[in-house]
Every structure is written in C-alpha cells, then in structure tokens.
Amino acid sequence: MKKFNDLVAESAKNITEILPWDLEERYEENPSLLLLDIREPYEFEAMHIKNSLNVPRGVLETACEWDYEETVAQLVESRDKEIVVVCRSGNRSIFVCEVMQKMGYKNVASLKTGLRGWSDYDQPLFDKNENEVDEEAAIEYFTANIRKDQMAPK
C-alpha cells in the first residue's frame with residue numbers, strides 16, 4: 001500500500017517544481033504567466049497570491065476542457081502559456097501539474113512549498129477583498145492544527 005507522501009514523491013519525478021524566489025523572478029520576467037491556485041474557494045478567499053486564478057482541484061479536469069459547466073475559458077486557452085500551480089503546501093499542485101501535462105499543457109510548474117513557503121519568503125498574500133493579509137495572520141493560518149483523532153494510533 002502506498003501512502004500519500006509516496007504518491008507525492010512519485011508524481012514529483014514527472015513535473016517541474018519552482019521555489020518562491022523562482023516564482024518571483026518568473027513573474028518579473030513574464031507578468032502574463034498564469035498563477036493557478038487549486039485550493040478550495042474558502043482557502044482562496046482567506047488568502048492567495050494577487051492576480052491568481054482559483055480553480056479547485058476537484059473540478060480541474062473539466063475546467064481545462066470546453067463544454068462543461070466548470071469550463072474556465074482562460075484555463076482552456078492557456079495550454080501553451082506558462083502556468084505556475086499553487087496550493088497550501090506544494091503537494092496538491094504536484095498532482096495537478098502531472099494531470100495538466102497529460103492534458104497537453106506544455107509549460108506548467110508547481111510552487112514547491114506552496115503558499116506556506118511564499119508566506120515564509122515574506123511575499124504578500126491577499127484576502128477575498130484584495131486586502132493584504134497580516135503576516136501574523138498568515139503564519140497562524142498555515143500552522144497545522146491536527147486533532148488527536150487525526151493522528152495515527154500508537
């Protein structure tokens with residue numbers, strides 16, 4: 001049986017990952033790159049990188065194709081565009097990059113460390129009203145809160 005981290009490591013071999021400072025540089029060199037945030041809407045509303053497009057992981061495949069209720073034209077039309085996929089910690093984005101490559105996206109990369117790393121790199125995050133999120137609030141938001149019932153039995 002494979003565990004989550006095994007699956008992440010397996011998929012990571014097939015995709016490109018960039019670090020927050022790489023994203024900062026890529027965005028300066030190519031301001032038209034697409035930042036694709038694949039977290040759930042409530043996560044995106046809490047905080048996100050400015051100008052990113054929110055398409056939740058759960059509807060990604062149909063959002064990437066025409067003729068579905070979830071179709072996102074900007075995403076469908078971006079198969080040849082530079083895309084950086086972001087999530088909370090850089091794991092879900094790995095899976096998404098692998099799927100998007102299979103769907104014909106040619107220049108897609110995952111933000112290694114995710115928004116946690118972006119925040120740790122002291123880059124700004126914005127809430128649903130495009131107000132900058134306080135750094136302490138971001139730190140608190142990204143701190144794991146694992147309940148006792150979520151921990152492996154001893």
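Here, each number is a calculation from the coordinates, and none is a lab measurement. Note that this is a predicted model, so its numbers are computed, not measured. All Cβ positions, even for glycine, are placed from backbone atoms using ideal geometry, and neighbour counts span all protein chains on display.
Could you check the stretch 53-154 for helices (runs of 4 or more DSSP H) lying wholly inside it with 3 or more residues that are of a type in the set (A, V, I, L, M)?
73-76, 92-102, 135-142
Scan the stretch 42-52 residue by residue and report those that are in a helix (DSSP H, G or I) and touching a Lys or Arg at 6+ places or on another chain (Cβ under 9 Å). GLU43, PHE44, GLU45, ALA46 - these are the residues of the stretch 42-52 that are in a helix (DSSP H, G or I) and touching a Lys or Arg at 6+ places or on another chain (Cβ under 9 Å). Taken over the stretch 71-89, the residue count meeting the criterion of being touching a residue at least 12 places away in the same chain (Cβ under 8 Å) and either of a type in the set (A, V, I, L, M, F, W, C) or over 20 Å from THR16 (Cα atoms) (or both) is 9.
When you go through ASN14, ASN51, ASN91 one by one, which is the residue that is crowded, with 17+ Cβ neighbours inside 10 Å and polar (S, T, N, Q)? Please lay out each step first, then the result.
Details: ASN14 fails: crowded, with 17+ Cβ neighbours inside 10 Å; ASN51 fails: crowded, with 17+ Cβ neighbours inside 10 Å.
Matching residue, one of ASN14, ASN51, ASN91: ASN91.
Checked against the criterion of being polar (S, T, N, Q) and at negative phi, the candidates ASN51, ASN145 yield just one match: ASN145.
Could you tell me whether the stretch 50-58 includes any residue that is touching a residue at least 40 places away in the same chain (Cβ under 8 Å), more than 18 Å from ASN107 (Cα to Cα) and in contact with a Phe, Trp or Tyr (Cβ under 6 Å, 6 or more places away or on another chain)?
Residues of the stretch 50-58 that are touching a residue at least 40 places away in the same chain (Cβ under 8 Å), as a first pass: 50.
Now narrow it down to the ones that are more than 18 Å from ASN107 (Cα to Cα): 50.
Going one step further and asking which of them are in contact with a Phe, Trp or Tyr (Cβ under 6 Å, 6 or more places away or on another chain), we end up with 50.
Within the stretch 50-58 (the criterion being touching a residue at least 40 places away in the same chain (Cβ under 8 Å), more than 18 Å from ASN107 (Cα to Cα) and in contact with a Phe, Trp or Tyr (Cβ under 6 Å, 6 or more places away or on another chain)), the answer is yes, since at least one residue qualifies.
Does at least one position in the stretch 2-11 carry a residue that is within 14 Å of the chain's Cα centre (by Cα), surrounded by 11 or more Cβ atoms within 10 Å (Cβ to Cβ) and within 26 Å of GLN74 (Cα to Cα)? There is no residue in the stretch 2-11 that is within 14 Å of the chain's Cα centre (by Cα), surrounded by 11 or more Cβ atoms within 10 Å (Cβ to Cβ) and within 26 Å of GLN74 (Cα to Cα).
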